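Beneath this line is the structure, given in structure tokens, with notes to follow.
The values are calculated or read from the model by the stated rules, or taken from the named source; none is laboratory data. This is a predicted model, so every value here is computed, not measured. All Cβ positions, glycine included, derive from the backbone under ideal geometry; neighbour counts span all protein chains shown. Note: accessible area is taken over every heavy atom of the protein model, side chains too, but ligands, DNA and RNA are not part of it. Shrake-Rupley method; radii C 1.70, N 1.55, O 1.52, S 1.80 Å.
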Amino acid sequence: MATLQKSVSFSLMGILAASCLLIALAVQEGAAVPLKSHCRLHQADFQQPYITNYTFRLAEEASMADNNTDVRLISMEKLFHGVKMSQRCYVMKQVLNFTIEEVLLPQPDRFQPYMQEVLSFLMKLNNKLSQCHIENYEQHIHRNVQHLKDTVKELGESGEIKAIGEVHLLFVYLRDVCV
């Protein structure tokens, strides 16, 4: 009889422990054991000293050609307003896509030799973030990124030069929120 009570007691403890684990995972919506996040980059992606130097030199050269000092395109306050921490890398992915497609690719011959190397580096990061998506449509994320796009387009060539002049901020924010 004592053996039967111990057996039942251990079985109940096992069931209780498993139930607690399942409840904890359900409450956290599975966040306790993320298998892989597609909205992540690795620190090693940013540890090539020459690319850091080229990125900052490209931004510096473009900034010298930028005559509009009243406007800041890439700003944490504007881009991340109302955005959850877990969605910030997605926001930066959107900014990266826009910067590559609409700003850097159309002007491959400007600001050489830096442009070619930085463009290649950013395209690799963009490829690594290609599977980065968010579950639900977030209007404030779209609105924040769209404001940046509209400002660049409104400023025309000056906006494109300004975006190139802020490529170092793109680099820093990608590193800070995606690593």
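Observations on the structure shown:
- Between residue 65 and residue 86, the FRET efficiency estimated from the beta carbon spacing at R0 = 45 angstrom works out to 0.75.
- Those aspartates and glutamates that a straight Cα-Cα span of less than 14 Å connects to residue 84, excepting residues fewer than 8 apart in one chain: 135, 138
- Atom-type composition of the exposed protein surface of segment 90-157 places 44 percent of the accessible area on carbon and sulfur (1.4 angstrom probe).
- Segment 60-166: C-alpha gyration tensor shape, a/c 1.5 cut-off, then a/b vs b/c: oblate
- A convex hull fitted around the alpha carbon atoms of segment 43-89 yields 82 Å³ per residue.
- Distance from the C-alpha centroid of segment 48-78 to that of segment 107-179: 11 Å, rounded to the whole angstrom.
- Summed residue charge, Cβ within 14 Å of residue 152's Cβ, Lys/Arg positive, Asp/Glu negative: -3
- Where 66, 109 fall by accessible area, highest first, once all protein chains stay in place (1.4 Å): 109, 66
- Gain upon complete extension [residue 151, residue 128; 0.36 nm per residue less C-alpha separation]: 5.6 nm
- Cα gyration tensor shape of segment 103-178, rounded if a/c is under 1.5, else prolate or oblate by comparing a/b with b/c: oblate
- In order along segment 94-103, the Karplus-derived 3J(HN,Hα) couplings, from 6.51 cos²θ - 1.76 cosθ + 1.60 at θ = phi - 60°, round to 5, 5, 4, 4, 4, 4, 5, 5, 9, 10 Hz, and Gly and Pro are given as x.
- Solvent exposure of segment 82-153, expressed per residue, is 54 Å² of accessible area, with all protein chains present and a 1.4 angstrom probe.
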